[in-house]
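Encoded as structure tokens, the structure appears first; notes follow it.
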Amino acid sequence: MSINSLIRKYPVMSVAVACMLVFFGVMMLPGGGAAGVRAKEAKSLKNAHEICIACRDYSRAHTGHFPPTFDTLFPQYLQDRSVLVSPLSPSDPVGYIYTPPVPERVDSPDTVVIEDKYAPSIAHERIVIYANASGGVLTGT
């Protein structure tokens, strides 16, 4: 039996199968569906952590003071500016919010230093790195 005869014999099922194939095809594309958002969140968290490590390195060299801006990190502490680009919004050259902590809060596990500014609108979660370099994806905050 040919495909054309199956389509004529079972038109509703043919449409359903075609829709399922399109749906699963879209889900497999980079950035398609929840898996794509999760991959972007993971990359964003990696970028934010790399930035925070550079900030902490700067802090060690500057008597506990974090850099005033991201620009201060280049080129000594960070070499590649693409780390500042959030995978959740690749058109923005700086996709992270930076809040330098005061020296007495540098090792605090509750002082947010770096946050992806696009995560709440795209992933409906917060991607944060704390002053002590811990961090993660926070849901419902």
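Counting beta carbons within 10 Å around each of ILE114, ILE97 and listing the fewest first gives the order ILE97, ILE114.
Neighbour counts of other Cβ atoms within 10 Å put ARG81, ARG60 in the fewest-to-most order ARG60, ARG81. Which of rounded, prolate, oblate describes region 37-139, given a ≥ b ≥ c as roots of the alpha-carbon gyration tensor eigenvalues and a/c under 1.5 marking rounded, otherwise prolate only if a/b is larger than b/c? Judged from the Cα gyration tensor, region 37-139 comes out oblate (a/c at least 1.5, b/c at or above a/b). Along the axis of the charge dipole computed for region 37-139 (Cβ charges of +1 for Lys and Arg, -1 for Asp and Glu, origin at the Cα centre), the listed residues HIS62, SER121, ASN132 are led at the positive end by SER121. Each Lys or Arg adds one and each Asp or Glu takes one away; over the other residues whose Cβ falls under 15 Å from the Cβ of ALA119, this sums to +1. Near LEU138, the amide H atoms lying under 5 Å from its own belong to ARG126, ILE127, VAL128; only residues 5 or more places off or on other chains count, and H is placed 1.01 Å from N. Per-residue extension of 0.36 nm, minus the Cα-Cα distance of ILE53 and THR111, leaves a gain of 19.4 nm for this segment.
Between VAL94 and HIS62, the simple spin-label model (points 7 angstrom out along Cα→Cβ) gives 1.3 nm.
Quick note: the coordinates plus some simple rules give every number you see, no bench work behind them. All values reported here derive from a predicted model rather than from experimental measurement. Every residue, glycine as well, gets a Cβ built from its backbone with ideal geometry; the counts of neighbours run over all protein chains shown.
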